[in-house]
1. Separation of the range 83-97 and the range 1-78 by C-alpha centroid, Å?
2. What number, rounded to the nearest 500 deg cm²/dmol, is the helix-based mean residue ellipticity at 222 nm of the chain, given -39500 (n - 2.57) per DSSP H run of at least four residues and division by all its residues?
3. So what's the projected area for the chain, the Cα convex hull averaged over all directions, in nm²?
4. Check which residues have an amide H placed less than 5 Å from Met24's amide H, if you skip close sequence neighbours.
5. Taking Lys77 as the anchor, which lysines have their alpha carbon closer than 16 Å to its alpha carbon, excluding any fewer than eight residues away along the same chain?
6. Setting aside same-chain residues fewer than 8 positions from Lys15, which aspartates and glutamates have a Cα under 19 Å from its Cα?
Amino acid sequence: MCVFCKIVNKEIPAKVVYEDDLIMAFHDINPQRKVHVLVIPKKHIPSVNDINPEDKEILGHLWVKIPEIAKLLGIDKDGYRIIVNTGKHGGQEIYHIHYHILGGEPVGRMVCK
Ligand code: AMP
Ligand code: ZN
């Protein structure tokens, strides 16, 4: 079972900021900005490349919840960045799809040179 499925199953701890039937949001263990939260579907979808039409409801729901989670974190007004790393060139390390929310301070250039 992957590390994020273990978090979903409460087999390993996480600092959870939001949870419902379909998704979970928790603080990244190695934050890259003042606020760094990961939003995941509870369903194990390995990457963006594995999204199926049947995932529309889950992932639509996830997007609807992102602004609510940003508000909970107090970063909605100043703004934030969503990143979804995909595959080797995208720098994906954990193959359970996850949406990074970065903020709490200026995030910087969109990509490093
Ligand atoms: P990615 O490179 O997009 O696959 O990002 C994986 C992210 O998961 C990294 O930012 C890690 O710091 C984070 N991470 C790995 N293990 C954990 C964990 N147990 N709890 C919270 N975040 C984690
Ligand atoms: Zn998983």
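Read the figures in this text as sums done on the coordinates, not as results from a lab. Model, not experiment: these values are computed from the prediction.
1. One Cα centre to the other: 14 Å.
2. On the way: 3 runs with 28 residues, N = 113.
Computed mean residue ellipticity for the chain: -7000 deg cm²/dmol.
3. Working: hull surface 29.2 nm².
With every direction weighted equally, the projected area is 7.3 nm².
4. For Met24, the qualifying residues are Ile40, Lys42.
5. Lys34, Lys65
6. Asp28, Glu68
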